[in-house]
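The values are calculated or read from the model by the stated rules, or taken from the named source; none is laboratory data. Remember, it's a predicted structure, so these values are computed and weren't measured experimentally. Here the Cβ positions follow ideal geometry from the backbone for every residue, glycine too, while neighbour counts run over all protein chains shown.
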Amino acid sequence: MEYKDYYQILGVDRSASEADIKKAYRKLAGKYHPDKPSGDESKFKEVNEAYEVLGDKEKRQLFDQLGPNYHNGQNFQPPPGFDDIFGGHGQAGFEGGQAGDFSDFFSSLFGGGGFGQAQGGFGGFQQSQAQKGNDQIVKVLISLEEAVQGAQKSLTIQMPSTNQFGQMSHRPKQLKVKIPAGVKQGSRIRLAGQGSPGFGGGSNGDLLLEVDLQNHPLYKVDDEDVILNLPLTPWEAALGTKVEIPTLKGKVNMAIPASTQSGSKLRIKGRGLGKGDKAGDQYIVVQIHTPPATTDQAKAFYKKMAEEMPFNPRSHF
C-alpha cells in the first residue's frame, strides 16, 4: 500500500519540535476545514491523520522507525519493535473514530485507531483538537460626543455563517453595545463569544468593534487632541478679549491676549479625547477675519488706519 509521509503533509522537517508540528497542524486544519470557503475534506482528513501520528510521542517514534528512505508505493511491513511499543499489531491503545476516517497506511500501522479527543467536524469525522472560532472585526461609526461621554448603540452586523453543505453566507445579527467613555479612533471593544462559531466543539471567537470617528462640523481630531478654529475680529485680536469656547466636555471662558496673531495656538488642557490623566487637549487656532470695506465710510476708516498705523507684514521678505 502507499506510504504516506506525514512530515511532508504538515510541511515540517523530521527534526521539527512538538510546538512546530502543532503550529503547522493548526494552520492547515484551519485552512482546509470543510466549513470554510477554502475547505477541502480530503486534505482536512489527511492533515488530521498526520497530526494524530506526529502529535503523539509514541506514535511518532513508531513512524520514524520506517526511516526517511521508505518511498511511496512500497508495501508496508511493520517495523522492528512495533510489538514492543504498542503491544501487538492493531492494538494501538486508543479509541474513537472509524477505520474509514483514515488511510490504509494509517490503519495498518495502528489498527484503525482514531481520535480519542473532541468530536465534531464534517460528516461524522472527528477532529483531533477543538478549535476556537475566528474573531470578527467590525467598524462602528460614532460621534465625537459619544466618544467622550460614552453611549449605548444598537447595531446590525452581518456575520458569516456556514450551512450543512459547507456553503458560506451571511446573516444579520442584532446587538446592543455599550461604548465606554474615552475611546479614540481605532480603539477596539471586545465582545467575548460573539464572533464566528468554533470547530469540533471549540468556543466561539470574539467580536471586535473598531471605533471610527465621524467628521464633526466644528472640531478636527489629531490622535487624542481636538482642534478648533476660532474666528476673531482684528480689534479683538489686537486689544485682547474674552471668548466663550465650546469643547466636547462643556463650554470654557478663555482670555485672548492682546496682539494675538492669526494662526496662533492656544491650549485648553484635558479637553480632548480619552479619560482622566490620559485625556488629550483641545487646541484653539486663531483666525483673524477682516470686515469687508463695502461702504465709503468703511473704506475711509481703513485708509485712516493705514495712515495712523503704518505696518508692513512683509518686511522680512
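Summary of values
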{"read-out": "Meets criteria (at pLDDT 80 or above, in contact with a helix residue (DSSP H, G or I) (Cβ under 7 Å, 6 or more places away or on another chain) and surrounded by 12 or more Cβ atoms within 10 Å (Cβ to Cβ)) for Gly30", "value": "no"}
{"read-out": "Hey, Gln174 surrounded by 12 or more Cβ atoms within 10 Å (Cβ to Cβ) and at pLDDT 80 or above or not", "value": "no"}
{"read-out": "Pairs, first more than 14 Å from Trp235 (Cβ to Cβ) and charged (D, E, K, R) in segment 298-317, second at pLDDT below 95 and surrounded by 10 or more Cβ atoms within 10 Å (Cβ to Cβ), C-beta under 6 Å, six or more apart", "value": "Lys299/Ala293"}
{"read-out": "Filter result (in a loop (DSSP other than H, G, I, E, B), acidic (Asp, Glu) and within 23 Å of Lys251 (Cα to Cα)) within segment 186-232", "value": "Asp223, Glu224"}
{"read-out": "Enumeration of residues in segment 33-56 that are within 28 Å of the chain's Cα centre (by Cα), surrounded by 21 or more Cβ atoms within 10 Å (Cβ to Cβ) and free of Cβ contacts under 8 Å to residues at least 60 places away in the same chain", "value": "Val47"}
{"read-out": "Residue ID - nearest to Lys251 (Cα to Cα), chosen from residues in segment 265-279 that are under 24 Å from the mean Cα position of the chain (by Cα) and surrounded by fewer than 18 Cβ atoms within 10 Å (Cβ to Cβ)", "value": "Lys275"}
{"read-out": "Test result for Gly200, closer than 30 Å to His33 by Cα, over 20 Å from the mean Cα position of the chain (by Cα) and assigned by TED's automatic domain parsing to the domain that holds Ala151", "value": "yes"}
{"read-out": "Conditions (1) exposed (fewer than 14 other Cβ atoms within 10 Å of the Cβ); (2) outside any strand (DSSP E or B); (3) outside the structural domain of Ile288 (by TED's automatic domain parsing); number of the one not met by Trp235", "value": "(3)"}
{"read-out": "Out of His216, His289, sole residue that is closer than 30 Å to Leu144 by Cα and under 32 Å from the mean Cα position of the chain (by Cα)", "value": "His216"}
